[in-house]
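To start, the structure itself, in structure tokens.
The values are calculated or read from the model by the stated rules, or taken from the named source; none is laboratory data. Please read all numbers here as calculations on a predicted model, not as lab measurements. We place every Cβ from the backbone using ideal geometry, glycine too, and count neighbours over all the protein chains shown.
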Amino acid sequence: MVKAMDESLGITVPVALHLDHGTYEGSKACIEAGFTSIMFDGSHYDINENVEKTKELVKIAHDAGVSIEAEVGGIGGVEDGVASNGEKADPAECKMIADLGVDFLAAGIGNIHGVYPADWKGLDFDVLAAIKEQIGDLPMVLHGGSGIPEDQIKKAISLGVSKINVNTELQIVFAKATRAYVEAGKDLEGKGYDPRKLLKPGAEAIIAECKNKIAVFGSGNKA
Ligand code: 13P
């Protein structure tokens, strides 16, 4: 829980400050800076180097009381300059990383970051089940959560996915609402150019979409 984010701000649920797709050095820096959770993305290293670096970071993170997510098998698409071909993770490699004591495991199962192409084949539930068999109760993370059909999301949850990362869909609703505000000329009315007004419709659109996701994912009132 982030210390400053408490009832005095009207926040009544636990809040994590999480690093997503961190490098080895970036993960260490964020632990030092007070993040409550990090993801070390070593999926672009060969498995032995991923194991070695993840192992070191598990110790550093846990000594500092910080949770750590690791990744096996790249998630396709491009995000913040991190790209991969979306290979499906090898369940045996997933076990090697899981056995290091990470708190969550992200593994490629056909998911990709960004907008899914029209010919996307969907999540590979056979791979997901095979990984789950190797890693037991360790919570799995589904990256590239934007645009995955609801039935596939629900099936993934039923098979052991506990955290779903959604970014692109929130960016899209933000852009759409901001565009509507500007195209309606509202930035030219009164003090409509004030960033607090200009960015408000987009922020509200993100909140509405988050509420929708919480309902679809079945995570309401579970904090
Ligand atoms: P999307 O942008 O595809 O929703 O992916 C988000 C994500 O996985 C962040 O790590």
Q. Among the residues of region 156-189, which ones are polar (S, T, N, Q), surrounded by 15 or more Cβ atoms within 10 Å (Cβ to Cβ) and away from the ligand (no atom under 16 Å from the Cβ)?
A. Thr178
Q. Which condition breaks for Gly202 when tested against (1) in contact with a Ser or Thr (Cβ under 7 Å, 6 or more places away or on another chain); (2) assigned to a loop (DSSP other than H, G, I, E, B)?
A. (2)
Q: Evaluate the following for Lys88: is it touching a Gly at 6+ places or on another chain (Cβ under 8 Å), at pLDDT below 95 and under 22 Å from Val51 (Cβ atoms)?
A: yes
Q.
So the check is Cβ under 8 Å with 6+ separation or different chains; which pairs have a first residue in region 11-33 that's within 18 Å of Ala64 (Cβ to Cβ) and a second one that's surrounded by 14 or more Cβ atoms within 10 Å (Cβ to Cβ) and modelled with pLDDT under 95?
A. Val15/Val2; Val15/Met5; Ala16/Val2; Leu17/Val2
Q: Give the number of residues within region 101-116 that are under 13 Å from Ser67 (Cα atoms) and either near the ligand (Cβ under 8 Å from one of its atoms) or touching a strand residue (DSSP E or B) at 6+ places or on another chain (Cβ under 8 Å) (or both).
A: 4
**Q.** Criterion violated by Pro149 - all others in (1) over 17 Å from Met39 (Cβ atoms); (2) buried (at least 17 other Cβ atoms within 10 Å of the Cβ); (3) out of contact with any helix residue (DSSP H, G or I) (no Cβ under 6 Å at 6 or more places or on another chain) satisfied
**A.** (2)
Q. So which residues in region 146-168 are under 18 Å from Asp126 (Cα atoms) and of a type in the set (A, V, I, L, M, F, W, C), if there are any at all?
A. Ile148, Ile153, Ala156, Ile157, Leu159, Val161
Q) Restricting region 131-155 to residues that are in contact with a strand residue (DSSP E or B) (Cβ under 9 Å, 6 or more places away or on another chain) and within 9 Å of the ligand (Cβ to nearest atom), which is nearest to Ala205 (Cα to Cα)? A) Gly145
Q: Quick one: in region 132-179, of everything that is farther than 18 Å from Gly110 by Cα and basic (Lys, Arg), which residue is farthest from the chain's Cα centre (by Cα)?
A: Arg179
Q: Taking Val141 as meeting all but one of (1) closer than 20 Å to Val72 by Cβ; (2) without any contact (Cβ under 8 Å) to a residue 60 or more places away in the chain, write down the number of the exception.
A: (2)
